[in-house]
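Take a look at the structure set out below.
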Ligand code: ATP
């Protein structure tokens, strides 16, 4: 194995059960990309075409990357993650070769989930960038996606963006990102699940999760994690003085809520 490959590849140890909320997103991912891999004969019986990728969009920190990793974990597949901005920035002039190598890496490691973040980096419509060289990269990207689609090799493509409206319509043709799913900020029930999940292995006393969930409207999953981090830092400062480990309680977490503000308001 090329050690560089390892940088972009992992075998996630989380599954759908670790993702709070998102019932609809889980259902769509199962139907569109997991089941076709596991039961191709059923799709064939109904004459339903398989293939194509899913594009996830929504506010930052609400779990697009997390659910993509969980998708790989769910089917015991590898997870390969790239950000298009990284590809475009890091190897200026060499983007096409790098793109090809990533798709090759995915093929060699099938079954796998290939997660492409910041798809909008190739967003602006091709006509706008005719002269910039980016259009070649877009065309190459689309050709690579078509190649995966046609060969049916067990590479599942998930993309993510915060700005779906910037995307060239060519990305959305059948076999490419032909399903677009909104990953919403977590609702109250989902926030409760996420908080429980994130606190699972931490020292905790009596925690009123319902109260915390109701006081964290517009908080993303990442925000909820940040609340817990803030609360833990305070606990640590206490522990430095006393030498004791005191468990996290509702009031500690509420302090965290005060200190860390919600980030999903504008959605
Ligand atoms: P960005 O647009 O900034 O890339 P994102 O939507 O990809 O954001 P993630 O990176 O997946 O967001 O989420 C950040 C972290 O928040 C995750 O690593 C995870 O720990 C936590 N998190 C977010 N949503 C959930 C969720 N639904 N369930 C459990 N944890 C979550």
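FYI, it's all coordinate maths here, none of it is from the lab. Model, not experiment: these values are computed from the prediction. Cβ atoms come from the backbone with ideal geometry, glycine included; neighbour counts cover every protein chain shown.
Say we join alpha carbon atoms closer than 10 Å with springs in a Gaussian network model of the chain; which of 218, 118, 237 then has the biggest fluctuation?
With Cα springs under 10 Å in the chain, the top fluctuation among 218, 118, 237 is at 237.
Distance from a point 7 Å along Cα→Cβ of residue 187 to each backbone N in the stretch 32-69: keep the residues under 19 Å and list them by number.
Answer for the stretch 32-69: 57-59, 62-64.
If you line up the long axis of helix 64-74 against the longest principal axis of the chain, both from Cα atoms, how many degrees apart are they, to the nearest 10?
Approximately 80 degrees, to the nearest ten.
Taking Cα atoms, how many degrees apart are the long axis of helix 250-259 and the longest axis of the chain, rounded to 10 and kept between 0 and 90?
So the inclination is approximately 60 degrees.
Of all DSSP beta bridges located in the chain, what percent are antiparallel, nearest 5?
Taking every DSSP beta bridge within the chain, about 10 percent pair in antiparallel fashion.
Which number comes out as Rg/Rh for the stretch 146-267 once both Rg and the Kirkwood Rh are worked out on C-alpha atoms?
Rg divided by Rh gives 1.17.
When the Kirkwood hydrodynamic radius is evaluated over all pairs of different C-alpha atoms of the stretch 1-60, what value in angstrom, to one decimal, is obtained?
14.3 Å
Sorting 19, 207 on the 10 Å Cβ count, fewest up front, what's the list?
Fewest-to-most ranking of 19, 207: 207, 19.
Let me have the relative contact order for the stretch 134-267, percent, based on Cα pairs under 8 Å that are six or more residues apart.
Computed over the stretch 134-267, the figure is 23 percent.
With N denoting the number of residues in the chain, provide Rg(C-alpha) divided by 2.2 N^0.38 Å, to two decimal places.
Taking N as the residue count of the chain, the ratio is 1.13.
Compute log10 of I(q)/I(0) for the stretch 195-266 with the Debye formula, placing one identical point scatterer on every Cα and leaving out solvent, at q = 0.11, 0.27 Å⁻¹, to two decimals.
Rounded to two decimals, the profile gives -0.25, -1.32.
Given only helices, namely DSSP H runs of n ≥ 4 each adding -39500 (n - 2.57), what is the per-residue ellipticity at 222 nm of the chain, to the nearest 500 deg cm²/dmol?
-13500 deg cm²/dmol
Once you've got the GNM for the chain with C-alpha springs shorter than 10 Å, pick whichever of 139, 166, 244 has the biggest mean-square fluctuation.
Looking only at 139, 166, 244, the largest GNM fluctuation is found for 244.
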